[in-house]
Amino acid sequence: MGSYLTAFLVGGLICLIGQLLFDLTSWTPAHVLVLLVVAGGILGGLGLYEPLIKFAGAGATIPISSFGNALVKGAMAEAAQSGPIGILTGIFELTSAGITASIIFGFFFALLFDPKG
Amino acid sequence: MAMKVGSQTFTFPSRPVLTGWATVSGPKEGQGPAGAYFDKIFPDLTMQQKSFEKAEQLMMITAVEIALEKGGVAKDAVDVFVAGDLLNQIIISGYSALKVGAPYLGIYGACSSFCEGLFLGGLLVDGGGAQYVVAATSSHNCTAERQFRYPTEYGAQLPPWAQHTVTGAAAVVVAARGSGPVLELATVGKVMDLGIKDPYNMGAAMAPAAADTIFTHLADTGRQPGDYDLIVTGDLGRVGRELLVELALRQGHDLSANYRDCGEIIYSREQTENAGASGCACSALVTLGLLFNQNYRRILVVATGALHSPTSCQQGDSIPAIAHAVSIEFPKGGQ
Amino acid sequence: MKNLLRDPKAYQELAEQKKPRPNLAKNLFTAFVVGGAICTLGQFIQNIYIKYFNFAPDRAGDPTTATMIFIGGLLTATGVFDKIARHAGAGTAVPVTGFANSIVSAALEFKREGFVLGVGSKMFALAGSVIVFGVVTAFVVGLISALL
């Protein structure tokens with residue numbers, strides 16, 4: 001499932017691509033991250049993201065592009081099982097942990113901490 | 001009675017006097033080159049208040065109270081309180097006006113508010129019937145960030161042409177008589193927009209406004225840049241300052257000898273990230289703190305403001321800007 | 001010489017010239033190293049979940065993601081994340097730590113406006129577009145693949 005070296009190299013490379021877009025275009029970070037998520041989704045749909053995960057492990061699952069892939073994977077897996085309605089019911093299946101964790105941690109950190117400026 | 005000269009300039013023949021002023025800042029500005037002259041420096045950005053907005057209010061009202069004390073003016077002797085800040089509905093100024101208790105005129109000139117306030121103070125005092133006008137302005141790095149850009153803990157990487165909003169407040173007492181620096185004349189700027197859309201490149205957005213106001217000022221008064229010991233712009237930053245010098249050169253004005261920008265003065269080289277400082281307080285803190293203690297005879301303060309909103313930028317509109325110029329004379333060369 | 005104040009296009013060109021260039025080499029290097037390090041940390045955490053918590057290799061991604069989100073959130077709440085991000089740029093923004101930072105920083109900031117109208121409504125102010133476009137992409141790709 002990937003080694004520390006491939007995780008470092010592939011993860012670093014995806015971030016490098018992001019940095020190139022930050023510095024060479026006038027796009028905001030939100031635009032660049034959206035682009036990476038959409039790219040991850042399209043690559044996932046083409047069956048190209050899973051091999052990357054096999055090769056690089058966390059180097060492919062930690063960058064935000066993996067979120068796009070996971071959403072697509074969920075949709076396609078559920079559609080294969082229950083037909084086209086599965087596209088709607090399956091989208092959040094694999095990303096539920098991430099989104100739930102974000103909301104829970106966001107809420108509780110806001111309870112306990114203040115912004116420092 | 002104030003009189004109009006040329007196309008955009010007003011003189012104040014009765015020579016209104018700045019009899020008291022105060023500068024209040026956050027920790028970073030206090031550690032800068034002008035910090036030694038500030039009346040009060042807060043050690044952190046929250047200032048023991050419940051929100052950054054309340055901290056900014058505290059700074060403005062503190063500046064007003066100290067200015068009144070130094071000028072020997074009671075709160076109920078203030079004829080008009082003129083104030084402006086960066087926040088929606090200039091809320092800091094409104095709440096401060098409530099505490100001051102004087103008749104209030106709220107102004108929005110973004111970072112040009114300092115000179116806009118001085119101009120109105122001069123106008124009200126010279127033939128307007130006012131004995132004492134207090135002009136105040138403030139800005140806070142966190143309130144500005146949270147309104148115009150991102151939450152303060154967001155990990156954004158700023159481009160090298162971006163500027164850092166100053167945390168500070170200042171107030172000036174403009175009086176009909178007394179001793180102190182004199183408000184000689186002022187040029188009211190027009191809005192200029194040459195199509196700059198990047199809200200991180202305010203220097204480039206504002207330089208044309210500064211240029212237009214300075215050129216008009218010189219034409220209206222018949223003066224040369226050399227007639228001033230120093231010409232300062234409020235917060236053009238490194239990029240805007242270079243652009244202004246270039247624009248001036250093409251117009252036949254040489255600003256190289258005595259022109260500087262407050263946004264490049266307020267922080268030391270070690271403190272400066274990217275292109276320098278911005279914010280309403282920038283021009284005010286540098287002028288009242290540093291420049292008023294330098295034995296100049298006459299200076300031209302040109303505060304510059306970007307008149308965009310977060311919405312206008314997101315909708316793809318370019319950034320309009322304005323600059324107001326105020327000439328201040330120091331009798332006997334200094335305080 | 002042209003009066004640039006009447007020539008927006010020429011002024012914009014001059015303004016573009018005067019813009020200091022970002023130090024591309026330094027930014028790319030830092031983004032690469034920090035991003036790679038964060039992913040390596042993720043790999044390390046994932047291995048721990050597989051080895052010591054008996055997660056199957058293909059299910060260990062969930063607790064790993066949640067842990068990375070927790071770490072990103074904690075660094076944000078303690079005021080450390082933005083100091084690192086200033087230098088690391090995409091190195092901290094692209095990994096899921098950046099997603100966590102955008103949510104926790106918004107939650108912290110808008111607490112002043114209350115928990116319902118502030119934290120609740122504005123928590124996704126920055127991260128929302130990632131979720132929206134991710135879901136739209138998944139829908140379109142899913143639809144296309146179902147029709148093929």
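The values are calculated or read from the model by the stated rules, or taken from the named source; none is laboratory data. Given the structure is predicted, the values throughout are model-derived calculations rather than measurements. So basically every Cβ, Gly included, is an ideal-geometry build from the backbone, and we count neighbours across all protein chains shown. Just the protein is used for accessible areas: all its heavy atoms, side chains included, with ligands, DNA and RNA removed. Shrake-Rupley method; radii C 1.70, N 1.55, O 1.52, S 1.80 Å.
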Based on this model, can you work out whether B:A162 counts as more than 15 Å from the chain's Cα centre (by Cα), closer than 29 Å to B:S256 by Cβ and either open to solvent by 10 Å² or more (accessible area, probe 1.4 Å) or not β-branched (V, I, T) (or both)? yes
What about B:M59, is it assigned to a loop (DSSP other than H, G, I, E, B) and either at positive phi or at pLDDT 95 or above (or both)? no
Do we find that A:Y49 is at the interface with chain C (Cβ under 8 Å from one of its Cβ atoms) and of a type in the set (F, W, Y) in this structure? no
Can you tell which of B:G178, B:G128 is on the phi > 0 side of the Ramachandran plot and surrounded by fewer than 20 Cβ atoms within 10 Å (Cβ to Cβ)? B:G178
Criterion: open to solvent by 10 Å² or more (accessible area, probe 1.4 Å) and more than 24 Å from B:A110 (Cα to Cα) - qualifying residue of B:L290, B:L255, B:L307, B:L249: B:L249
Among the residues of region B:12-46, write down those that are in a loop (DSSP other than H, G, I, E, B) and either within 18 Å of the chain's Cα centre (by Cα) or crowded, with 20+ Cβ neighbours inside 10 Å (or both). B:F12, B:P16, B:G26, B:G32, B:P33, B:A34, B:F38, B:D39, B:F42, B:L45
Residue check, B:E65 against (1) outside any helix (DSSP H, G or I); (2) farther than 30 Å from B:R269 by Cα; (3) open to solvent by 20 Å² or more (accessible area, probe 1.4 Å); (4) modelled with pLDDT of 95 or more, all met but one. Which one? (1)
How about region B:198-217: which of its residues are open to solvent by 10 Å² or more (accessible area, probe 1.4 Å), in a helix (DSSP H, G or I) and not aromatic (F, W, Y)? B:M202, B:D212, B:T216
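With the structure loaded, tell me whether B:F148 is closer than 30 Å to C:A100 by Cα and open to solvent by 10 Å² or more (accessible area, probe 1.4 Å) or whether it fails that test.
yes
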Among the candidates B:G122, B:G178, B:G106, which residue alone is at pLDDT below 95 and farther than 28 Å from C:L5 by Cα? B:G178
Taking region A:1-35 as the region of interest, how many residues are under 17 Å from C:L28 (Cα atoms), crowded, with 20+ Cβ neighbours inside 10 Å and within 7 Å of chain C (Cβ to nearest Cβ)? 11
Could you run through region A:80-98 and say how many residues are assigned to a helix (DSSP H, G or I) and either at the interface with chain C (Cβ under 7 Å from one of its Cβ atoms) or aromatic (F, W, Y) (or both)? 3
Being in contact with a helix residue (DSSP H, G or I) (Cβ under 7 Å, 6 or more places away or on another chain), charged (D, E, K, R) and either farther than 20 Å from B:Y132 by Cβ or not assigned by TED's automatic domain parsing to the domain that holds B:S268 (or both) is true for just one of B:E65, B:E69, B:E116, B:E56. Which residue is that? B:E56
Residues of region C:30-73 satisfying the condition of being under 16 Å from A:G98 (Cβ atoms), within 7 Å of chain A (Cβ to nearest Cβ) and among the aliphatic types (A, V, I, L, M): C:I38, C:A66, C:M68, C:I69
In region C:19-30, anything at pLDDT 95 or above, open to solvent by 60 Å² or more (accessible area, probe 1.4 Å) and not aliphatic (A, V, I, L, M) is listed as C:K26, C:F29
